[in-house]
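Report on the structure given below.
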Amino acid sequence: MSVLSVHNLIYGYSKGTPFETGALNGVSLDFEQGEIVAVIGHTGSGKSTLLQHLNGLLKADSGEVLFEGKDIHSSKEALRNCRFNVGLCFQYPEQQLFESTVYADIAFGPKNMGLSDDEIKNRVYESISFVGLTEDYLEKSPFDLSGGEKRRVAIAGILSMKPKVLILDEPTAGLDPVGKNNLLQLIKDYNKKTGSTIIFVSHNMDDVAVVADRVIVMNKGKVELSGSIEEVYSQGEKLASLGLDVPEITTVFLSLKKAGFDLGDTAFTVSGAVKAITEYLKGENDG
Amino acid sequence: MVKDITIGQFFPGKSFLHKLDARTKIILTFAFIIFIFVCKNFWSMGLLCGFAIVTYLLSRLSPKIILKSFKPLLPIIFLTTVLQLYYTQKGNVLFEWKFITITDGGVYMAIFIAVRILTLLLMSSLLTYTTSPTDLTDAIEKLLSPLKVFKVDVHTFAMMMTIALRFIPTLIDEIDRIMSAQKARGADFESGGIVKRVKALFPIFIPLFISAFKRAIELADAMSCRCYTGGNTRTRLRQMKITYRDVVATVIMVIVCSCIVILNIKLPNVI
C-alpha cells in the first residue's frame with residue numbers, strides 16, 4: 001500500500017475573480033514508503049499547490065488524498081494525524097522562525113503534538129545534529145544566525161516531528177553551492193536513516209539527478225511525465241517543450257554524441273559521467 | 001481565508017467607470033455618501049440605491065466580487081437591523097411577546113438602515129475596485145494640494161499612502177504563507193480560549209513584523225538608490241485629464257442629488 005496517494009485532485013485558485021487559473025486539473029499519484037520523489041515543473045504548473053494538498057492545508061474541490069489508505073479529510077483526527085506525519089517545509093522556511101531561541105523554535109512542532117518534555121528534548125537534540133549543527137546553537141537566537149544556518153534550523157523544526165513523509169518546497173533555493181550540496185546530502189541521509197518518504201520540488205535538474213529515485217513532471221496542473229530519472233531525462237525534447245532543461249551533463253553528452261563519441265544516455269550526474277567516460281575510454285583501449 | 005479580504009483591491013478593466021478621472025470619482029463618491037445620509041424617505045433612498053446599481057452595472061464587475069465584499073460586513077448589518085427593530089417604537093404594533101415589541105415603524109426603519117449600509121458599501125467598494133492604487137493616491141495628492149499653503153507635506157503623505165496600499169496584498173499573502181507554514185507544524189488557530197488564541201498569533205506576527213521591517217529597509221534603499229527626494233521637484237509621467245466623461249458623470253450626479261433634495265421636501269419622512 002502506498003503511504004500517501006492522491007486521486008483525481010481538482011483545485012482552482014481565487015475562484016470567481018479575474019485572477020482565476022486552473023491550479024490542479026485532475027492529479028493522481030502514489031508515493032511509496034522510503035522513496036525520494038522529485039516534482040519538477042515550470043512556474044505556475046501547480047507544484048506548490050499539490051504539496052499543500054498532501055498535508056491537508058488546502059482542500060481540493062474534488063478528489064481525495066489518502067494517508068496510509070485513509071482519507072485525510074474524513075475526520076478531525078485523521079487530518080491532525082496527517083499534519084504530524086506529513087511534514088511540509090515551505091520555500092524559504094527560515095522566514096517562519098519566531099521563537100527567542102533555536103531550541104524553542106525546533107520544539108514548537110513536537111510541543112503542538114503534545115509530547116512529554118523529555119521526548120521533546122530528545123527530538124530537539126536529535127534533529128539539530130541531523131541538520132549538521134552543534135548543540136551550542138540551541139541557546140542562540142535564530143535571528144542571529146546566517147541564512148544557511150537559519151534554513152537548517154527551520155528544517156530541523158520539521159524533522160523534530162519525525163514525519164513519515166517529508167515534503168520540501170525548493171529546499172535549495174537561494175543557497176550557495178556548498179550549502180546546497182550539504183542540504184541535498186542531508187536529505188539523502190535522512191531518507192536512508194529513517195526510511196521516510198521524501199517529496200521535494202526543485203527547479204534545478206542537476207539537483208534532482210543527484211537525489212531523486214523518481215521524477216514527476218507537472219505542467220498546467222497535470223502530471224505530464226512520471227518515471228525514473230533515466231526515463232524522464234531521456235525525453236529532452238519533451239522537457240524543453242515544457243520549458244524545462246535537461247541537466248548540464250546531459251547537454252554535454254548530447255553534443256559529444258553529435259561529435260561522434262557515443263557515451264550512452266544514462267549519465268545525468270558528474271559521478272555518472274566520470275564512470276561513463278572511463279568505461280568508454282577503457283573500451284577504446286581494449287578495442 | 002485571509003485571501004477573502006477584497007478591501008483595497010483593484011480589478012483592472014476598461015469600463016466607463018474605470019476611465020473616469022480618479023479625482024472625479026473621489027469627489028462624486030464623497031457627495032454620494034453625504035447624500036445617502038440626507039435621504040429621509042424610501043423614494044429618495046430608492047433613487048440613490050437605483051443610481052448605485054446602475055453605476056455598478058457600468059463597472060462591468062462580476063457580481064461575485066461585490067458579494068464577496070459584502071460578506072465580512074453581513075454580521076454588522078444583521079446586528080444593526082435587529083437593534084433597529086427592537087429600539088424603534090413607532091406606528092402600529094405588529095408583534096408582542098414579553099419585553100419584545102415590534103412595530104411597523106421599526107420594520108421600515110430596519111429595512112431603511114440595511115439598504116443604506118449596503119448602498120454605502122457598494123459605492124465605496126466600486127471606487128477602490130475600479131481605480132488603481134496609484135491613480136487613487138495621485139488624485140488624493142492633487143485634491144489635498146491646497147493644504148500646501150498651511151505647510152502640510154502633501155506629497156510625502158500621498159507617497160506613504162501609495163506604499164501602504166501597495167503592500168496590503170503583499171502582507172496578506174505573507175500572512176497566508178506564514179499561517180500555512182505554522183499550521184504545517186501543528187499550530188492551531190481555531191480552537192481554545194481567548195488567551196490561547198492570542199498566544200497562537202505570536203508565531204504569525206513575529207515573522208510577519210520581521211519581514212515587514214526587512215522589506216521597508218530594502219524599499220528605502222531601493223528608493224534612495226534611484227535618487228528619490230520627493231517634494232516639488234518631481235514631475236509625472238501621466239498627467240490626469242478631465243474629459244467629457246467626467247463632465248457627464250458630474251452632471252448626472254448633480255441631477256440625482258437635486259432630485260433627492262426635492263423628494264425629501266415633497267414627501268413624508270421615514271425617520
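Derivation of every value follows stated rules applied to the coordinates shown; laboratory data play no part. Treat the numbers as computed from the prediction; the structure is a model and nothing was measured. All Cβ positions, even for glycine, are placed from backbone atoms using ideal geometry, and neighbour counts span all protein chains on display.
Data table
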quantity	calculated
Positive-pole candidate from A:S241, B:G186, B:P169, dipole of the protein assembly as shown, charges at beta carbon	B:P169
Beta bridge orientation in the protein assembly as shown: antiparallel %, DSSP, nearest 5	55
Square roots of 5 times each gyration tensor eigenvalue, C-alpha, segment A:102-161, largest first, Å	18, 10, 10
Mean projected area (nm²) of the alpha-carbon convex hull when chain B is viewed from all directions	20.6
Order of B:M45, B:M160 - criterion: other Cβ atoms within 10 Å of each residue's Cβ, fewest first	B:M160, B:M45
Net charge dipole size for segment A:247-287 [Lys, Arg +1 and Asp, Glu -1 on Cβ; Debye, nearest 20]	80
Selected from A:V252, A:V211, A:V201 as most flexible by GNM, with chain A as the system and alpha-carbon contacts under 10 Å	A:V252
Neighbour cut-off at most 16 other Cβ (10 Å), DSSP loop, trypsin sites (Lys or Arg not before Pro), segment A:74-169	A:K140
Directionally averaged projected area (convex hull, Cα atoms, the protein assembly as shown), nm²	37.5
Dipole magnitude of the protein assembly as shown, debye to nearest 20 (Cβ charges: Lys/Arg +1, Asp/Glu -1, about Cα centre)	3080
Chain B: DSSP helices with Cα axial extent of at least 15 Å and average Kyte-Doolittle hydropathy no lower than 1.6	B:22-38, B:42-59, B:244-266
Alpha-carbon centroids, segment B:4-53 and segment A:105-140: separation in whole Å	56
Among B:C49, B:C259, B:C227: highest mean-square fluctuation, GNM of chain B, C-alpha pairs under 10 Å	B:C227
For segment A:156-287, average projected area of the Cα convex hull in nm²	10.1
Residue among B:A220, B:F37, B:M109 farthest towards the positive dipole end of chain B, charges placed on Cβ	B:A220
Listed residue pairs exceeding 19 Å between alpha carbons, taken from A:K59/B:K199; A:K70/A:K222; A:K76/B:K183; A:K47/A:K222; B:K142/B:K241	A:K59/B:K199; A:K70/A:K222
For chain A: relative contact order, % (alpha-carbon pairs under 8 angstrom, 6 or more apart)	22
Rg/Rh for segment A:247-287, where both radii come from Cα atoms and Rh is the Kirkwood radius	0.97
Length gained when the stretch B:T250-B:K199 is fully extended (0.36 nm per residue, less Cα-Cα span)	13.2 nm
5 angstrom amide H check on A:S226, placed H, neighbours 5+ away	A:V217
For chain A, the Rg and Dmax computed from alpha carbons only, in angstrom	20.6, 68
Angle in degrees between helix A:248-258 and the longest Cα principal axis of chain A, rounded to the nearest 10	10
Cleavage-rule hits (GluC sites (Glu not before Pro)) in segment A:1-105: DSSP loop, at most 14 neighbouring Cβ within 10 angstrom	A:E20, A:E32
